[in-house]
1. For a Förster distance of 56 Å, can you work out the FRET efficiency between the beta-carbons of THR315 and ASN2, rounded to the nearest 0.05?
2. Positive end of the charge dipole of region 11-84 (Lys, Arg +1 and Asp, Glu -1 on Cβ, about the Cα centre): tell me which of PRO49, GLN24, SER80 has its Cα farthest that way.
3. Which FRET efficiency value, to the nearest 0.05, do you get for GLU101 and SER180 by plugging their Cβ-Cβ distance into 1/(1 + (r/R0)^6) with R0 = 30 Å?
4. GluC sites (Glu not before Pro), restricted to region 1-88: which are DSSP loop and have at most 16 other Cβ atoms within 10 Å?
5. Among ALA145, GLN360, PRO128, flag the residue with its Cα farthest along the positive direction of the charge dipole of the chain, charges on Cβ as +1 for Lys/Arg and -1 for Asp/Glu.
6. By what distance, in whole Å, do the Cα atoms of region 8-123 stretch along each of the three principal axes, largest value first?
7. From the protein chains alone at 1.4 Å, what is the descending order of accessible area for MET1, MET36, largest first?
8. Might you tell me the accessible area per residue for the chain, computed with a 1.4 Å probe and given in Å²?
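The values are calculated or read from the model by the stated rules, or taken from the named source; none is laboratory data. What you see is a predicted model, and the numbers here were worked out from it, not measured in a lab. Cβ: placed from backbone, ideal geometry, glycine included. Neighbour counts: every protein chain shown. In case anyone asks, the SASA skips ligands and DNA or RNA and just uses the protein heavy atoms, side chains included. Shrake-Rupley method; radii C 1.70, N 1.55, O 1.52, S 1.80 Å.
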Amino acid sequence: MNAETLARTLIARGLDPGELEAKQSLFNAVIETHRMIRSTPPQHAWWVPGRLEVFGKHTDYAGGRTLVCCIPRGFAVVASAREDRIVRVVDALRGERHTVELSGAPASYSGWRQYVEVTARRLVRNFPGRNFGADIVIASDLARAAGMSSSSALVIAIATALGRIALVQKDPLWRNNIRSGLDTASYYACIENGRSFAMLAGDAGVGTHGGSEDHTAMIEGRAGQVSAFAFVPPRALGGVAVPADWRFVIAPSGVAARKTGDAREPYNRLSAGAARLLEAWNRDAAPRAVSLGAALGSSPSAAARMRELADRGATAEMTGDWLRDRLEHFVREDARVWDAFIAFSGADPRRIGDLAAASQRDAEKLLGNQVPATSELAASARKEGAFAACSFGAGFGGAVWALVTASDAVNFAARWKPESVVMRPGPSVQELSGD
């Protein structure tokens, strides 16, 4: 196993050839760090990308649709098995490490260590007959807390490596509960949010109440395409190629989009608002709906009825007016996903631009998850010549995507924000080496 071979394999599977040198550097870092801690080459290697949410802000956990793709930034991961019950994770670039003693009592951590701890212990609880002892080395060029789902990518990186080490897919518990890539993504999302999946019992997770959009994009995305999914339950709606002469440019706003600590409450409030609307509906309607999206799809008059029911779900913190705004955002944003899919299919830049502008306005006015930096960055992208631009991710910070013509992409990026990334959608999670 060598870094150049791994990077070239990734390019052959759809990553932009311009990423070769950068990915070779990442894999070289993880391989050399593995040699330092083990004195042997790693047994396995993976690529785990971040994701770009094009449309579908805060819709997935409420049973809505999203339009997403993988980005050419992410985690290079290598791993080898251990004979003991220890999971050791080392960040090759940051020089940080975390050790999980699987036989010991759980402890409380913060930041990236919490995600590692939660992931390892959930797998052990759900698959008690497997040996998850492992040394895992990671290196990432994915910006943290920038709206590109670095936390979910980390969960997937650790879960994928531990699952491969423990041959968990051969376990009857896995085979009986997880039957597809969509199931795998949903289970990994449940590791993060703490919910049970099928017969695999949940726990506290990391404390965020999100859905499986990010995990689904990273596992089921396709190079060169944007993919549409619906959720609760997850369904693939289709993929469409990004026109050859279009380029995404993504730029961080400079405001961290965190989902931990004090930042968790406003993020979870949006999820709780969708849940309150569904509860009000299910107290009034029969049969019960499994999600807000299912309730709204039950009849042509469902949205009007839901607006009337908003006051029943109101609390001091979630007034009837706030819940109606939350509902209106979901209805509009969910509808935009398929409209955007059609616009990509028809290579219609004007329509994409109109949809992106409306999505940005509704995030600011109805969802209320924007900060001045993201709003201003989206506006400046349009002023600099992008035919579409919009913030993405959980909100309260993060990043903005812009769409431009390929011929102008490099110059646009320099005009707009020098640290931005010009990209086409890359491949999903890839195992690059292993027995």
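1. 0.45
2. Of the options given, the answer is PRO49.
3. 0.35
4. Those satisfying the criteria are GLU83.
5. Working it through, the farthest residue towards the positive pole turns out to be PRO128.
6. For region 8-123, the Cα extents along the three principal axes come out at 43, 37, 22 Å.
7. Working: MET1 75, MET36 155 Å².
Descending accessible area places them as MET36, MET1.
8. Accessible surface, normalised per residue, equals 39 Å².
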